[in-house]
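Quick notes on the structure that follows.
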Amino acid sequence: MTARPIYFGPLIVAGIIGALVGGFWLTFSNLVGLTENADASAHTIFVLAAFAILLWGARSEIATLPIQPFPLGITGLLIAGFIWLAGELVFARVLTHVGIVAMIPMTILTVLGYRWLAALSFPLAFLLLAVPIGGSLIPTLVDWTAAFAVAGLQTSGIPVHREGAYLIVPSGAWSVADSCSGIAYLRTVTMLVILYAWSMYRSFFKRAVFIAGGIVIGIVGNWIRAYLTILIAHLSDNQYLRDDHSTFGWVLFALLLFAYSVIGYRYRDGDGGSEKGAPINKVEVATPKIAGPETRARSTPKLVMVLLAAASAIAMWPITQKLLQDRTQSNPVEIADITSTRGWASINTPAVSWTPTLTNPSRQRVQSFEKGGRRVDVFVGVFQNQTWASKLVTVVNSFALQENPRWSLAVRGKANTIFSDQSLDVDTGVVLGNGIRVLAWRWYWINGVATASDSRAKMIQLAARLRSRPDKSAWVSVYADATESPAEAAALLDEFMRDMGASMQLSLTATTQ
């Protein structure tokens, strides 16, 4: 009986991945940046290239492994498929990407067996890094970066005024935008140090320490980058790094990683997985016996059955997604008037010239109210029959995008108020521009539920889509001029919510029903 060719393992794994790519092409094409999000594509393509190299490196081991289907792996396939479906129904890229990437090891487990999964555990786990996660860390990273930059500038003798992520030095103003949070650097550094640690060390402790150190470099390095960028621009009278400093950031991180890798190389483990200085013992590995004709005859029906079951567990999700798609609603969206009450009067002049930035809403409207000379604006943006280009919960629906030259989001936070006799947590933001300061509160209205939580909003949407309920929801914000006193503006918004909450709820219900 002839042995399998050396490329047998990589070829069969590539076949499984190819089948999944073909079945979920739109998701994979987005993951690698062929449709959108080009900034994440380079990161993803590097992960896929590293996976291919790791897979080829394991070719000798997996070429001799027996194919032993593991039917219980169908459970993992079903879970991964449902995650993908949930992401498609609520238009959450992170869920579709996690779901489709998780299908790869689950298919290998189901069709080839647990020995294949164990032999390829690191390459398959590394493949999960292709998913650009960590978006929830951005506000925290922005705050840390701004705090370090201020401390560094003050230590350098440069006066600086900070309002959240908005910094003012004598030579000009700077905004630590979301793109300056360092999340791209952190993802890249994490990916590289994991790969380096796996290649250089066999000790779990060494790997963990090196990876932890790399993550620290990914975070602190961005602090240093932001500080040096402002410092150099200021000292050069804005001749350098004022407008374009992305190249400087990547060069700085390359130098930091190179120095860290040189240090880590000194503590590498010896060949064969031994600790430094320890003797290396060679182990003879017996080649498994190749199954004879009778054994193969008995196992073939089982393999065919598992293949059919796995194919069904994979194909059912795109079919289900098609069946659950909402039918296009013919009635146009109309945003209902908010009835004035408790001393508030509707007026035609807005409190401020600013409005939130939404991407492709079905309809949006601003209504303004006044009481005792104090004004509050209410912004409602409605999303109906959502698509990937027009959806309620997304980072591009914001108080102010960094591309906007007129307005900058300086401070983000949370607040609690009363909305129609119910406690409601809202997201808050302080927006600066045109010589004024605006305090805004924001939440979602979905199927009669008010919430500011992105995750809860997605869960409500998912439950509605699974029950084929109408897809119509609202992005709601109340805001006022806070130039004179942010505290007074916050008190004004709280008073407005308590007085007008019931009227707002009636309007939102009529708008989204």
| note | If we ask which residues in the range 129-152 are within 30 Å of Ile104 (Cα to Cα), assigned to a helix (DSSP H, G or I), of a type in the set (A, V, I, L, M, F, W, C) and open to solvent by less than 60 Å² (accessible area, probe 1.4 Å), their number turns out to be 3
| note | Taking the range 440-454 and keeping residues open to solvent by less than 20 Å² (accessible area, probe 1.4 Å), in contact with a helix residue (DSSP H, G or I) (Cβ under 9 Å, 6 or more places away or on another chain) and among the aliphatic types (A, V, I, L, M) leaves Ala440, Ile446
| message | Suppose the filter is out of contact with any Ser or Thr (no Cβ under 9 Å at 6 or more places or on another chain) and either part of a loop (DSSP other than H, G, I, E, B) or open to solvent by less than 10 Å² (accessible area, probe 1.4 Å) (or both); does Ala457 pass it? | response | no
| Does the range 205-214 hold any residues that are under 20 Å from Leu128 (Cβ atoms) and either of a type in the set (Ser, Thr, Tyr) or open to solvent by 40 Å² or more (accessible area, probe 1.4 Å) (or both), and which are they? | Arg207, Ala208, Ile211, Ala212
| message | Of everything in the range 460-510, what is surrounded by 21 or more Cβ atoms within 10 Å (Cβ to Cβ) and among the hydroxyl-bearing types (Ser, Thr, Tyr)? Give them in sequence order. | response | Ser473, Ser477, Tyr479, Ser507
| field | the range 379-412 - residue that is among the charged types (D, E, K, R) and open to solvent by 50 Å² or more (accessible area, probe 1.4 Å) and, of those, nearest to Leu31 (Cα to Cα) | value | Glu403
| request: Spot the failing condition for Ile335; the list is (1) modelled with pLDDT of 90 or more; (2) part of a helix (DSSP H, G or I); (3) surrounded by 10 or more Cβ atoms within 10 Å (Cβ to Cβ), and only one is missed. | output: (2)
| note | Per the filter on the range 112-128, residues open to solvent by less than 10 Å² (accessible area, probe 1.4 Å) and aromatic (Phe, Trp, Tyr) are Trp116, Phe126
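Any idea how many residues of the range 467-485 are within 31 Å of the chain's Cα centre (by Cα) and more than 24 Å from Asn360 (Cβ to Cβ)? Please lay out each step first, then the result.
The initial filter retains those residues of the range 467-485 that are within 31 Å of the chain's Cα centre (by Cα), namely 467-480.
Filter again for more than 24 Å from Asn360 (Cβ to Cβ), leaving 467, 480.
Residues meeting the conditions: 2.
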| message | For the structure I just gave you, tell me whether Ala184 is modelled with pLDDT under 90 and over 23 Å from Ser156 (Cα atoms). | response | yes
| request: Report those helices (runs of 4 or more DSSP H) wholly inside the range 1-111 carrying at least 1 residues which are crowded, with 21+ Cβ neighbours inside 10 Å and in contact (Cβ under 8 Å) with a residue 60 or more places away in the chain. | output: 8-23, 25-31, 38-57, 73-90
| task | Scan the range 221-249 residue by residue and report those that are in contact (Cβ under 8 Å) with a residue 60 or more places away in the chain and either surrounded by fewer than 18 Cβ atoms within 10 Å (Cβ to Cβ) or not aliphatic (A, V, I, L, M) (or both). | result | Asn222, Trp223, Tyr227, Leu231, His234, Asp237, Asn238, Arg242, Gly249
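Just to check your reading of the model, which residue among Pro159, Pro132 is over 30 Å from Arg467 (Cβ atoms) and free of Cβ contacts under 8 Å to residues at least 40 places away in the same chain? Spell out how you get there, then give the answer.
Numbers: Pro132 fails: free of Cβ contacts under 8 Å to residues at least 40 places away in the same chain.
After applying the criteria, what remains is Pro159.
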| remark: Sole miss for Ala389 among (1) closer than 23 Å to Ser468 by Cα; (2) of a type in the set (Gly, Ala, Ser); (3) in contact with a Gly (Cβ under 7 Å, 6 or more places away or on another chain) is condition (3)
| message | Please verify whether Arg202 is under 21 Å from Phe148 (Cβ atoms) and either part of a loop (DSSP other than H, G, I, E, B) or open to solvent by 60 Å² or more (accessible area, probe 1.4 Å) (or both), treating the condition exactly as stated. | response | no
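The values are calculated or read from the model by the stated rules, or taken from the named source; none is laboratory data. All figures in this text were calculated on a predicted structure; none of them were measured in a lab. Cβ atoms come from the backbone with ideal geometry, glycine included; neighbour counts cover every protein chain shown. Side chains are part of the model used for accessible areas, which takes the heavy atoms of the whole protein and leaves out ligands, DNA and RNA. Shrake-Rupley method; radii C 1.70, N 1.55, O 1.52, S 1.80 Å.
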